Amino acid sequence: VIKSGAVRLTFQVSRTHKVSGYLDRIVKFRGHECPPLSSEEACGIRSPKRYFTAQLKYTGTISNHLLVEGGWSENDETYSTQEAQPSFRPGHVGRLDRNTTERWGAPIGPYYFRVPDRHTFTGTLAYVTGSHALKGGMQLGKGGNFHQRQINGGMDLYQEYRTVNGVRSPASVMVYNTPQWAEEKIKYDLGIFVQDTWTFKQLSLSPGIRFEAFNTYVPAQASPAGRFVPARQFDRIDNLPNWRDVAPRFGAVYDLFDDGKTALKMHVGKYMRAFSTVGFAAVYNPMVIQTDRRTWTDRNGDDIAQDSEIGAVNTPFNISGKSNRVPDPDIKRPYQWEYSAGVQRELFTGVSVSAGWVRRD
């Protein structure tokens, strides 16, 4: 079920100054979040806590040639998952048949609470004359992503079975390092640009350049002890990553017959890959969810995986307080070059035809 309410307001402060605002509030409810062959109690529920997009923008015409704009926007997609039929009695645990993929007992995997939030601030200044248009500005993004995970009220595992010749038997358990509280933050996602357009008779040239700086980090964080892990604490990790890049761009348009009806166009530009709140830093956050499949022998036949019935560790969890995953110090921000060329011809008023070529590397 998705419900969405949007409102847009514009206030004309004066003849040359305007303020506009926008809000889109979303309520998204998923009552059964589970794969096929799952029983009712193995389904979870997803509910939004804060789910909205908001924007505020100012536009000012300072003179016949000067235009200034400034704005702020926010995107928040906070939501949580929970059990459709919550119960924390002993043995209330997710169960999975590895042969038939059937699920029952409780949802498989952790429930979580996530708070991804992104703020963006923008400002531009444009100076326009008959043959010249100069525009410059900046974009600054900040935000973070906080997430908590837990599983089955402290059971911190789900039980696995195998069905052979119609007989289902306990086989193993999937153990988690829950509870887990983790966070990543954007220190800044900055873009500063300037672009210029000059017109010389039939030819218009549009050079431009953009400087981009992207810096995210993992703040100091701690998680309480669980069934299979002690309390953990990790120090802050800065510069995950710390990138500085320059992206040049250039375009040209030529009025072939000087009649405003046939245009030859070309463009070349470099574009850096965008990263979100949960991007690069999340890959290297040491407070990451981890699992370990261990053998299980149900000795007392109660269909509950006791600590004494679970086998040895196969993949140890990271409880050292230090990250065991670090990026290559020479890693660069991904980017692409785009090249295009084309021709556009007006056949008659209201109708035109065009052909073009585009390449991306």
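Restricting to region 226-241, and then to whatever is part of a strand (DSSP E or B) and open to solvent by less than 70 Å² (accessible area, probe 1.4 Å), can you tell me which residue is farthest from V194 (Cα to Cα)?
R232
Might you check whether a residue that is under 27 Å from the mean Cα position of the chain (by Cα) and either modelled with pLDDT of 90 or more or over 30 Å from V283 (Cβ atoms) (or both) occurs anywhere in region 98-114?
No, region 98-114 has no match at all.
For region 1-51, how many residues are open to solvent by 60 Å² or more (accessible area, probe 1.4 Å) and modelled with pLDDT of 85 or more?
16
Is at least one residue of region 55-76 in contact (Cβ under 8 Å) with a residue 24 or more places away in the chain and more than 30 Å from L125 (Cα to Cα)?
no
Of the residues A274, A231, A281, which single one is within 24 Å of G144 (Cβ to Cβ) and touching a Phe, Trp or Tyr at 6+ places or on another chain (Cβ under 7 Å)?
Of A274, A231, A281, the one residue that is within 24 Å of G144 (Cβ to Cβ) and touching a Phe, Trp or Tyr at 6+ places or on another chain (Cβ under 7 Å) is A281.
Can you name every residue in region 176-201 that is more than 30 Å from Q139 (Cα to Cα), open to solvent by less than 50 Å² (accessible area, probe 1.4 Å) and either at pLDDT 95 or above or outside any strand (DSSP E or B) (or both)?
Listed by number, the residues that qualify are N177, T178, P179.
Working only within region 242-261, note down all residues that are open to solvent by 40 Å² or more (accessible area, probe 1.4 Å) and more than 23 Å from the chain's Cα centre (by Cα).
Across region 242-261, the qualifying residues are V246, P248, R249, F250, V253, Y254, L256, F257, D258, D259, G260, K261.
Can L125 be described as touching a residue at least 40 places away in the same chain (Cβ under 8 Å), in contact with a strand residue (DSSP E or B) (Cβ under 6 Å, 6 or more places away or on another chain), farther than 30 Å from N285 by Cα and part of a strand (DSSP E or B)?
Criteria met by L125.
Go through region 344-361 and give me each residue that's open to solvent by 80 Å² or more (accessible area, probe 1.4 Å), of a type outside the set (S, T, Y) and assigned to a strand (DSSP E or B).
Within region 344-361, R345, L347, F348, W357, V358, R359, R360 qualify.
Condition test on R118, is it at pLDDT 85 or above and buried (at least 18 other Cβ atoms within 10 Å of the Cβ)?
yes
Do we have A341 as open to solvent by less than 60 Å² (accessible area, probe 1.4 Å), over 27 Å from the mean Cα position of the chain (by Cα) and over 30 Å from D258 (Cβ atoms) here?
Answer is no for this residue.
Can you spot a residue in region 262-282 that is open to solvent by less than 50 Å² (accessible area, probe 1.4 Å), in contact with a Leu (Cβ under 6 Å, 6 or more places away or on another chain) and within 30 Å of T349 (Cβ to Cβ)?
Yes: one or more hits.
Can you say whether R325 is modelled with pLDDT under 95, open to solvent by 90 Å² or more (accessible area, probe 1.4 Å) and closer than 30 Å to D76 by Cβ, as far as the supplied structure shows?
yes
I'm trying to understand the selection: among the residues of region 293-310, which are assigned to a loop (DSSP other than H, G, I, E, B) and in contact (Cβ under 8 Å) with a residue 24 or more places away in the chain?
T297, D298, D302, D303, I304, A305
Search region 104-114 for residues being open to solvent by 30 Å² or more (accessible area, probe 1.4 Å) and part of a strand (DSSP E or B), and hand back the single one that is farthest from K49 (Cα to Cα).
Out of the qualifying residues, it is W104.
The values are calculated or read from the model by the stated rules, or taken from the named source; none is laboratory data. Bear in mind the structure is a predicted one, so any value in this text is a computation, not a measurement. Backbone-built Cβ (ideal geometry, glycine too); neighbour counts: all protein chains shown. Each accessible area value is taken on the protein alone, full model and side chains, heavy atoms only, with ligands, DNA and RNA left out. Shrake-Rupley method; radii C 1.70, N 1.55, O 1.52, S 1.80 Å.
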